[in-house]
Amino acid sequence: MKEAIILKSPDEIETMRRAGAVVAEVLEVLKENIRPGVTTLDLEKIAEELTKARKASPAFKGYRGYPFCLCTSINSEVVHGMPSKRALKEGDIVSVDYGARVDGFYGDAAFTAPVGKVSEEASRLVRVTAQSLAKAIEAAQEGNRLQDISAAVQSHVEPEGFSVVREFVGHGIGRELHEPPQVPNFGIPGRGVRLKAGMVLAIEPMINSGGWAVKVLSDGWTAVTADGKLSAHFEHTVAITPGGPLVLTAI
Ligand code: MF3
Ligand code: CO
């Protein structure tokens with residue numbers, strides 16, 4: 001039997017909104033700091049200080065031994081890139097993924113940003129991936145099925161010639177960073193569990209400009225595209241409510 005999905009009460013969703021607000025604010029500041037010459041470790045330090053100032057806990061640091069508050073994934077890095085002294089340079093795209101815990105509940109979100117001027121292909125990948133998350137969120141309606149979310153991503157990106165990463169998926173989120181169900185970014189409309197008010201999902205399309213295959217580097221974390229082509233990643237924590245999807249990690 002599959003593990004049950006933990007439904008959240010309106011009060012719990014309110015607490016998750018506060019966690020989500022911290023995540024949104026921190027990501028906003030990080031976005032403003034992305035420019036050529038900035039290192040991903042500079043971004044990590046900003047995130048660490050802002051988390052402390054907001055009396056929140058970083059969600060990723062210590063998770064299965066992961067040593068940072070942020071995942072910073074550049075160009076062909078898909079997810080789980082680690083902050084380092086590597087400086088961002090004009091033409092790069094960088095994904096910044098951050099989570100925080102407030103009063104026992106998690107928020108989790110990510111964006112991909114261009115560094116200065118980027119190629120037409122890179123900018124199209126970033127734009128289409130962001131759009132696919134918006135489509136997925138629209139599909140996160142009570143009464144729909146889980147794979148309606150998945151299919152919304154897949155049907156938006158594949159006609160653009162991009163591919164959906166298979167090995168990493170979105171997830172339920174609440175008192176744990178990762179809860180059931182898994183939320184793939186590929187699927188068949190009308191399949192999967194029925195979406196109910198009180199479900200909270202971290203929806204996170206990871207989209208490659210080439211093929212979908214990825215491999216994990218010898219650091220044990222950094223996932224890169226197998227073909228070396230670009231990858232983009234956007235994520236929001238979304239509550240399913242009677243009034244429609246509520247993006248908890250929106251500004
Ligand atoms: N947003 C990613 C996720 O939900 C980040 C996890 S990084 C880890 O899986 F280090 F915490 F694993
Ligand atoms: Co996540």
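The values are calculated or read from the model by the stated rules, or taken from the named source; none is laboratory data. All figures in this text were calculated on a predicted structure; none of them were measured in a lab. Using ideal geometry, Cβ is built from the backbone for each residue, glycine included, and neighbour counts are taken over all protein chains shown. The protein model used for the area step is the full one, side chains on, heavy atoms only, and it has no ligands, DNA or RNA in it. Shrake-Rupley method; radii C 1.70, N 1.55, O 1.52, S 1.80 Å.
Sort 182-195, 98-111, 28-41 by the packing proxy (mean of other Cβ within 10 Å over each peptide's residues), most packed first. It would help to have the intermediate numbers written out before the result.
Numbers: 182-195: 17.5, 98-111: 24.1, 28-41: 15.1.
My ranking of the peptides, most packed first, is 98-111, 182-195, 28-41.
Determine the gain in length on full extension of the stretch residue 178-residue 216; use 0.36 nm per residue of separation and subtract their C-alpha separation, reporting nm with one decimal.
Answer, rounded to one decimal: 11.7 nm.
Taking only protein heavy atoms into account and a 1.4 Å probe, give the accessible area per residue of the range 10-247 in Å².
Ligands and nucleic acids excluded, the figure is 41 Å² per residue.
Show me the ranking of peptides 145-158, 162-175, 56-69, 121-134 by mean Cβ neighbours inside 10 Å, starting with the highest. Provide the component values of the computation, followed by the final result.
On the way: 145-158: 22.3, 162-175: 20.7, 56-69: 17.1, 121-134: 19.0.
So the peptides 145-158, 162-175, 56-69, 121-134, ranked by packing, come out 145-158, 162-175, 121-134, 56-69.
Counting every Cα pair in the range 10-247, what percent are over 27 Å apart?
Tail fraction, whole percent: 30.
Would you mind telling me the share, in percent, of accessible area of the range 10-247 contributed by carbon and sulfur at probe 1.4 angstrom?
51 percent
Report D for the range 44-127 in µm² per second (integer): Stokes-Einstein, Kirkwood Rh on Cα pairs, 20 °C, 1.002 mPa s.
Details: Rh = 13.7 Å.
D, rounded to a whole number, is 156 µm²/s.
Hey, got the Cα dimensions of the range 97-140 along the principal axes, in Å, largest first?
Answer, in whole Å and largest first: 42, 27, 8 Å.
Determine, at each q value in 0.15, 0.19 (inverse angstroms), the log₁₀ of I(q)/I(0) that the Debye formula gives when each Cα of the range 155-240 is one equal point scatterer.
Log-scaled intensity ratios, in q order: -0.63, -0.93.
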